[in-house]
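Read-outs: derived from the displayed coordinates by stated rules, not from any lab. Here the structure is a predicted model, which is why all the values come from computation and not from measurement. We place every Cβ from the backbone using ideal geometry, glycine too, and count neighbours over all the protein chains shown.
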Amino acid sequence: MQPVVDRTRNLIWCGSYDHHLYALNYKDRCCAYKVSCGGSIYGSPAVDMAHDRIYVACTSGLVTAISLEVPSFRIVWQYEAGAAIFSSLAIDHQSGNVVCCLVNGLVIALNSHGTVVWKVE
């Protein structure tokens, strides 16, 4: 569980073993948002400022895209990868793709709509 700081919104985003992604407001010292992601979250979420989204992966194999548009954060899409994901996600800022490493050795890239762009074994 590795946090990510979002200075634009005064939030610290962190996943949890309880299957939730939390947005903690560090100025108000409160939990601003919590969303169920379908599995324990071990890796760091990835913030994509270009698309105003945060991406998170979990042990159930779900990759979740959440809109950062205020006032209400919402799930934009979820992708079922087919194997657990324990690692952090990475964003290719040139293409906007989200890269995930699965426990079965597969590496996949998803575009901002949740569609697989490429896979490597």
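Structure values in brief
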{"quantity": "Sequence-separation-based contact order of the chain, relative, with Cα cut under 8 Å and 6+ spacing, percent", "calculated": "16"}
{"quantity": "Distance between modelled label sites at D52 and V35, nm, 7 Å Cα→Cβ extension", "calculated": "1.4"}
{"quantity": "Convex hull of the chain built on C-alpha atoms - directionally averaged projected area, nm²", "calculated": "6.7"}
{"quantity": "Approximate spin-label separation V5-T115, in nm, with each point projected 7 Å along Cα-to-Cβ", "calculated": "3.7"}
{"quantity": "Backbone N within the range 99-117 under 15 Å of label point (7 Å from W77 Cα along the Cβ vector)", "calculated": "99-100, 108-117"}
